[in-house]
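*Asks:* Have a look at this one.
The values are calculated or read from the model by the stated rules, or taken from the named source; none is laboratory data. A quick note: this is a predicted structure, and the numbers were derived from the prediction, not measured. Reconstructed Cβ throughout: ideal geometry from the backbone, glycine too, with neighbour counts over all protein chains shown.
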Amino acid sequence: MPAHVIALLTAICYACALVSARRGLKYSTPTTVTCVSVLVQIVMLWGALFLSRGVPRVSWTPVLLFAFVGVTQLGVRLLAYTGVHKIGASRSSALQATSPLIAAGIAILFLRERPSTEVILGTFLVVIGIMLVSWRAEEQIATFRWWHLLFPLGAACLTGMNHPIRRYALSLSNEPLFFSTVMGSASAVFFLAFMAASPPGDRLVWHRKALWPFLLTGIAETLSILFIVTALSVGSVVVVAPIAATYPVWALLGAALFLRDLERVNLMTVAGTLSVVVGTVAIYLGS
């Protein structure tokens, strides 16, 4: 299957995960959906690995790199689902898609790279998109606070690190299914540590009406992780990342269709989401 098709499946699956999580978060917490997602990932990927050809022989370097990515992916999950809980799936996904802007900014500030015309234009569009998505959000979300925007932006920062690390590790050993399993295992171990260190108020909240949405979230996110790792194993970051970054459009569509009772999708949100996606693609192409 071509890399661009797999990248598109990545975007659709991740959007489904965010929308489904928003439905379940009406009754539960971001920590709980993260727990379910991690458990589903372990069961699905370890099962698929042993049903295929078992654990392959690879060097330790890519294993350690993917274990590190598993830790950062846990952070992405916690921040992303908290963002969905606080400001909704459509807004949160648009802000989370700003990771190329953050990566480009780091390159310009610390690596002394000169931004291309595409990067400058993309940066402008992303900034405009962020302003539109967050414009007067307090009028539609009673509990909105400006710092809630930091949750999806924090997820974007961690996501910005993950693609190049995955691509480099896959260049050493091309085993996407095994490395996706390593990521899930590392996430599970550090989630246990996270829960042990969390205050009692952050414990898991189990609710019958949240179970199926969270299970769907876990399946969709696991597929998105497997798809993005597979896409990076057969295609370059420049090809894969812009297509995978279109998930806010699919999340916006999903919110409009399935979350009409939970969040309002207005013209500002639509315009801001499209601006962020177009700007993200421009930054990727100009990097």
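*Asks:* Does any residue in the range 156-180 that is within 23 Å of VAL40 (Cβ to Cβ) come within less than 6 Å, Cβ to Cβ, of a residue that is assigned to a loop (DSSP other than H, G, I, E, B) and not small (Gly, Ala, Ser) six or more places away or on a different chain, and which pairs are these?
*Replies:* Short answer, once both residue conditions are applied: GLU175/PRO56; GLU175/VAL58; PHE178/PRO56.
*Asks:* Could I ask something else about it? Kindly establish whether ALA156 is assigned to a helix (DSSP H, G or I) and either modelled with pLDDT under 75 or among the aliphatic types (A, V, I, L, M) (or both).
*Replies:* Values: assigned to a helix (DSSP H, G or I): yes; either modelled with pLDDT under 75 or among the aliphatic types (A, V, I, L, M) (or both): yes.
Spelling it out, ALA156 is indeed assigned to a helix (DSSP H, G or I) and either modelled with pLDDT under 75 or among the aliphatic types (A, V, I, L, M) (or both).
*Asks:* Which residues, counting only those in the range 2-59, are hydrophobic (A, V, I, L, M, F, W, C) and free of Cβ contacts under 8 Å to residues at least 40 places away in the same chain?
*Replies:* Just the residues of the range 2-59 that are hydrophobic (A, V, I, L, M, F, W, C), to begin with: 3, 5-9, 11-13, 15-19, 21, 25, 33, 35-36, 38-40, 42-46, 48-51, 55, 58.
Residues satisfying the conditions are VAL5, VAL43, PHE50, LEU51.
*Asks:* Take residues that are among the basic types (Lys, Arg), at pLDDT 80 or above and under 11 Å from GLY154 (Cα atoms) and tell me which of the helices (runs of 4 or more DSSP H) falling wholly in the range 58-115 contain 3 or more.
*Replies:* Numbers: elements: 60-87, 89-96, 99-110.
So the answer is none; nothing clears 3.
*Asks:* Continuing with the same structure: Tally time: how many residues in the range 173-202 are within 24 Å of ALA48 (Cα to Cα) and not in a helix (DSSP H, G or I)? First the steps, then the outcome.
*Replies:* First, pick out the residues of the range 173-202 that are within 24 Å of ALA48 (Cα to Cα): 173-192.
Imposing the further condition that a residue be not in a helix (DSSP H, G or I) reduces the set to 173-175.
Total satisfying the criteria: 3.
*Asks:* For residues that are among the polar types (S, T, N, Q) and assigned to a helix (DSSP H, G or I), scanning just the range 208-248, find the one that is nearest to VAL38 (Cα to Cα). First the steps, then the outcome.
*Replies:* Filtering the range 208-248 for residues among the polar types (S, T, N, Q) gives 217, 222, 224, 230, 233, 236, 246.
Imposing the further condition that a residue be assigned to a helix (DSSP H, G or I) reduces the set to 217, 222, 224, 230, 233.
Working: THR217: 10, THR222: 8, SER224: 13, THR230: 19, SER233: 23 Å.
Among them, the one singled out is THR222.
Residue-wise test of (1) in contact with a strand residue (DSSP E or B) (Cβ under 7 Å, 6 or more places away or on another chain); (2) among the small types (Gly, Ala, Ser); (3) closer than 14 Å to ALA186 by Cα.
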residue: ILE6; (1), (2), (3): no, no, no
residue: ALA15; (1), (2), (3): no, yes, no
residue: ALA21; (1), (2), (3): no, yes, no
residue: LEU39; (1), (2), (3): no, no, yes
residue: ARG57; (1), (2), (3): no, no, no
residue: PRO62; (1), (2), (3): no, no, yes
residue: PHE68; (1), (2), (3): no, no, yes
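*Asks:* Looking only at the range 60-86, count every residue that is farther than 18 Å from PHE214 by Cα and either in contact (Cβ under 8 Å) with a residue 60 or more places away in the chain or small (Gly, Ala, Ser) (or both) and tell me the total. Walk me through how you get there before you give the answer.
*Replies:* First, pick out the residues of the range 60-86 that are farther than 18 Å from PHE214 by Cα: 60-72.
If we keep only those that are either in contact (Cβ under 8 Å) with a residue 60 or more places away in the chain or small (Gly, Ala, Ser) (or both) too, we end up with 61-63, 65-72.
Qualifying residue count for the region: 11.
*Asks:* Moving on to the next point. On the basis of being in a helix (DSSP H, G or I) and within 25 Å of VAL126 (Cα to Cα), does ILE165 make the cut? Give the steps one after another, and end with the answer.
*Replies:* Details: in a helix (DSSP H, G or I): yes; within 25 Å of VAL126 (Cα to Cα): yes.
The answer is yes for ILE165.
*Asks:* Pick from the range 41-71 the residues that are under 17 Å from LEU223 (Cβ atoms) and among the polar types (S, T, N, Q): which of them is farthest from the chain's Cα centre (by Cα)?
*Replies:* Applying the filter and picking the extreme gives SER52.
*Asks:* Here are the criteria: (1) assigned to a helix (DSSP H, G or I); (2) at pLDDT 85 or above. Tell me which single one VAL55 does not satisfy.
*Replies:* Every listed condition holds for VAL55 apart from (1).
*Asks:* Quick check, is VAL205 farther than 15 Å from ALA3 by Cα, among the hydrophobic types (A, V, I, L, M, F, W, C) and not in a helix (DSSP H, G or I)? Can you show your working first?
*Replies:* Working: farther than 15 Å from ALA3 by Cα: yes; among the hydrophobic types (A, V, I, L, M, F, W, C): yes; not in a helix (DSSP H, G or I): yes.
Yes.
*Asks:* Can you confirm whether LEU170 is modelled with pLDDT of 90 or more, aliphatic (A, V, I, L, M) and either part of a helix (DSSP H, G or I) or surrounded by fewer than 22 Cβ atoms within 10 Å (Cβ to Cβ) (or both)? Steps first, answer last, please.
*Replies:* Numbers: modelled with pLDDT of 90 or more: no; aliphatic (A, V, I, L, M): yes; either part of a helix (DSSP H, G or I) or surrounded by fewer than 22 Cβ atoms within 10 Å (Cβ to Cβ) (or both): yes.
So LEU170 does not fit the description; no.
*Asks:* Taking only pairs six or more apart or across chains, which ones have beta-carbon atoms under 9 Å, a first residue in the range 211-235 that is more than 22 Å from ARG23 (Cβ to Cβ), and a second residue that is acidic (Asp, Glu) and surrounded by 20 or more Cβ atoms within 10 Å (Cβ to Cβ)?
*Replies:* SER233/GLU175
*Asks:* Take the residues in the range 233-276 that are at pLDDT below 85 and surrounded by 23 or more Cβ atoms within 10 Å (Cβ to Cβ), then tell me which one is nearest to THR98 (Cα to Cα).
*Replies:* Only one residue fits best here, namely VAL276.
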